[in-house]
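Student: Provided herewith is a single structure, encoded as structure tokens, for subsequent inquiry.
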Amino acid sequence: MIDRSTIVTVGAALIALLVVLELVRRRHLSEGYSLLWLATALVMLVLGIWRDLLHSLAELTNIHDPTNLLFMLAALFMLCVQLVYSTVITRLTRENRETAQQIALLRQELEELRREQDKSERHQPH
């Protein structure tokens, strides 16, 4: 008989897969970022179906409680997600600053052109 935790884990993994695929379909999540979440859902699905794998990994790493291994893996995953998003934020901040500088230079150039145009219009005979 299948225990309740297996049903919950497999159900959560399937829901996560469906949500990620729907977000990609609606273009609310890019394909690049979806890979991270799809991999997570697939790992949840595998561990939910194949319980002995988690127990074997726990024994291999000398972690006495498989739940502790699961929490450690979740914490490592969250650190990886934070690292990915930190690099994205850094890149976007740099691009934003460069864009703001380009806009400022274009505004200055536009103002200079308008002043030159005003000067030339004032000096022309009517």
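The values are calculated or read from the model by the stated rules, or taken from the named source; none is laboratory data. Bear in mind the structure is a predicted one, so any value in this text is a computation, not a measurement. All Cβ positions, glycine included, derive from the backbone under ideal geometry; neighbour counts span all protein chains shown.
Student: Which residue, of Thr87, Thr40, Thr67, is in contact (Cβ under 8 Å) with a residue 12 or more places away in the chain, within 30 Å of Ala13 (Cα to Cα) and either among the polar types (S, T, N, Q) or not in a helix (DSSP H, G or I) (or both)?
Tutor: Thr40
Student: So, one more: Looking at Arg51, Arg4, Arg26, which is the one that is on the phi < 0 side of the Ramachandran plot, touching a helix residue (DSSP H, G or I) at 6+ places or on another chain (Cβ under 8 Å) and among the basic types (Lys, Arg)?
Tutor: Arg51
Student: Starting from residues that are polar (S, T, N, Q) and in contact (Cβ under 8 Å) with a residue 12 or more places away in the chain, keep the ones in the stretch 6-32 and report whichever is surrounded by the most Cβ atoms within 10 Å (Cβ to Cβ).
Tutor: Among residues in the stretch 6-32 that are polar (S, T, N, Q) and in contact (Cβ under 8 Å) with a residue 12 or more places away in the chain, the one surrounded by the most Cβ atoms within 10 Å (Cβ to Cβ) is Thr9.
Student: To continue, here is another question. What do you reckon, is Leu29 part of a helix (DSSP H, G or I), modelled with pLDDT of 90 or more and of a type outside the set (D, E, K, R)?
Tutor: It is false that Leu29 is part of a helix (DSSP H, G or I), modelled with pLDDT of 90 or more and of a type outside the set (D, E, K, R).
Student: When the residues of the stretch 43-52 are filtered to those that are assigned to a helix (DSSP H, G or I) and more than 19 Å from Ala75 (Cα to Cα), which remaining residue is nearest to the chain's Cα centre (by Cα)? Break it down stepwise before answering.
Tutor: Just the residues of the stretch 43-52 that are assigned to a helix (DSSP H, G or I), to begin with: 43-49, 51-52.
Still in the list and also more than 19 Å from Ala75 (Cα to Cα): 49, 51-52.
Values: Ile49: 27, Arg51: 29, Asp52: 31 Å.
Selected residue: Ile49.
Student: Count, please, the residues in the stretch 1-26 that happen to be part of a loop (DSSP other than H, G, I, E, B) and under 27 Å from Leu57 (Cα atoms).
Tutor: 3
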